[in-house]
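Structure, as structure tokens:
The values are calculated or read from the model by the stated rules, or taken from the named source; none is laboratory data. These numbers were taken from a predicted model, which means no experiment stands behind them. Ideal geometry is used to build each Cβ from the backbone, glycine not excepted, and the neighbour counts take in all protein chains shown.
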Amino acid sequence: MASTDMKSLLLAAAGGVAVGALLMKLSKKAPSGFLGKVEEATAAVGQDNLLSPKSAKAFLDANPGCLYLDVQDPGSPSVPGTHKASLGTLIFKASTDLADFKDPKIADLPKGHPILVTCALGGQAKVGAKLLVDYGFTNVKVVEGGCVAWKKEMPYPIEAVCEVSPQGKPCGGGNDTSICTGTITLKQTSAEECSISYEIRGLTPGKHGFHIHEKADFSDGCNSAGPHYNPFKKTHGAPSDEERHVGDLGNIEPGPDGIARGTIVDKLVKLSGETSVIGRSFMVHADEDDLGLGDNSQPGPPPVNGKASKTTGNAGARIACGVINLVRQD
């Protein structure tokens, strides 16, 4: 291939040109063998290093510090738990010395460090793995079939965590912030249900509304987190009701020590798919949720304190909130 052609293609990759189109152009220019050809990358990486999703999971479990690398095109959804470094960027950096590689996640690794490479379907991952092998890395594996095969074969469990606090703003019009804090962990082990375990401290005696809200915007403390998460446009209800928001999780109640502990198993809360709650927020309220059975004489957009049972459950001030973050997806 002429050096000018190579240079233009590398610059195109750096500029974000779709890798699929880039590889097609490369294969037409150099049918006899450029590293962008997936079949040659496969041979270079070696069949023993192409892992099924189950074998890839075992590799991750056996190597806790493994770099899980996603080489999909810029703008593609990230694979949960991976480090994003597009194939176009890797190709561009292949024209420089490794010392000039700008991604410390890769450049600073020892050559024997375990690396697992994935993408959407597996082809780009093989090309990315060959680049890493060419750099001198000796323990590089590829998820055969990419994240599509991974999710089809074993999409669960998925785990998430949320740390709640007042987010630095008074709630409900008071002058002082709540001292309510806590941790909520979520684990989805099947498509049918998600378990939600919580330990919330600093609660006053009695029941407190416990919800998932639409946003994790805390620019105005918990008040800016939007309404209950309600993708199906239902009215507010109890967790056991057919007519309820996805975010309706009822009430929690502390013991004598002011700490509420427990586990909820819910059929609507999901950690993947179009209605995933990842990136949304948990909310703890000052008052009891009336589960949609109370006064609804003055409904209105949240935050509304009282008389909006079918929207808010009249659960009162928002005393603690936090973002729901993905921990792992096997």
Subset of the stretch 316-330 [of a type outside the set (A, V, I, L, M), in a strand (DSSP E or B) and either at pLDDT 80 or above or in contact with a Ser or Thr (Cβ under 8 Å, 6 or more places away or on another chain) (or both)]:
Arg318, Cys321, Gly322, Asn325, Gln329
Residue that is farthest from the chain's Cα centre (by Cα) [pool: residues in the stretch 32-61 that are outside any helix (DSSP H, G or I) and at pLDDT 85 or above]:
Gly46
Would you check if there is a residue in the stretch 248-257 being among the aliphatic types (A, V, I, L, M) and within 23 Å of the chain's Cα centre (by Cα)?
yes
So, of the residues in the stretch 133-149 that are free of Cβ contacts under 8 Å to residues at least 60 places away in the same chain and in contact with a helix residue (DSSP H, G or I) (Cβ under 7 Å, 6 or more places away or on another chain), which turns out to be farthest from Val71 (Cα to Cα)?
Tyr135
Is there a residue in the stretch 259-269 that is in a loop (DSSP other than H, G, I, E, B) and among the small types (Gly, Ala, Ser)?
no
Might you check whether a residue that is touching a residue at least 40 places away in the same chain (Cβ under 8 Å) and assigned to a strand (DSSP E or B) occurs anywhere in the stretch 292-315?
no
Tally the residues that are small (Gly, Ala, Ser) and in contact with an Asp or Glu (Cβ under 8 Å, 6 or more places away or on another chain), restricting the search to the stretch 242-280.
3
Let me spell it out: the conditions are (1) at pLDDT 80 or above; (2) surrounded by 15 or more Cβ atoms within 10 Å (Cβ to Cβ), and Tyr156 meets all of them except one. Which number is the exception?
(1)
Would you check which residues across the stretch 198-207 are in a strand (DSSP E or B) and over 18 Å from Asp248 (Cβ atoms) and list them?
Glu199, Arg201
Condition broken by Ile212, with the remaining ones in (1) under 28 Å from the mean Cα position of the chain (by Cα); (2) assigned to a loop (DSSP other than H, G, I, E, B); (3) of a type in the set (Val, Ile, Thr) satisfied:
(2)
Name the pairs: first residue in the stretch 121-132 and in contact (Cβ under 8 Å) with a residue 12 or more places away in the chain, second residue among the basic types (Lys, Arg) and surrounded by fewer than 22 Cβ atoms within 10 Å (Cβ to Cβ), Cβ to Cβ under 9 Å, at least 6 apart or on different chains?
Val127/Lys37
Quick one: would you say Ala129 is modelled with pLDDT under 85 and of a type in the set (A, V, I, L, M)?
no
Go through Leu69, Leu87 for me and flag whichever is buried (at least 17 other Cβ atoms within 10 Å of the Cβ), closer than 12 Å to Ala129 by Cα, under 23 Å from the mean Cα position of the chain (by Cα) and modelled with pLDDT under 80.
Leu87
Pick from Phe210, Phe218: which is surrounded by 15 or more Cβ atoms within 10 Å (Cβ to Cβ), in contact (Cβ under 8 Å) with a residue 24 or more places away in the chain, of a type in the set (A, V, I, L, M, F, W, C) and more than 13 Å from Glu253 (Cβ to Cβ)?
Phe218
Given Ile252, Ile259, Ile264, which one is aliphatic (A, V, I, L, M) and crowded, with 20+ Cβ neighbours inside 10 Å?
Ile252
Is it the case that Gly206 is of a type in the set (Gly, Ala, Ser), modelled with pLDDT of 95 or more and closer than 18 Å to Glu288 by Cβ?
yes
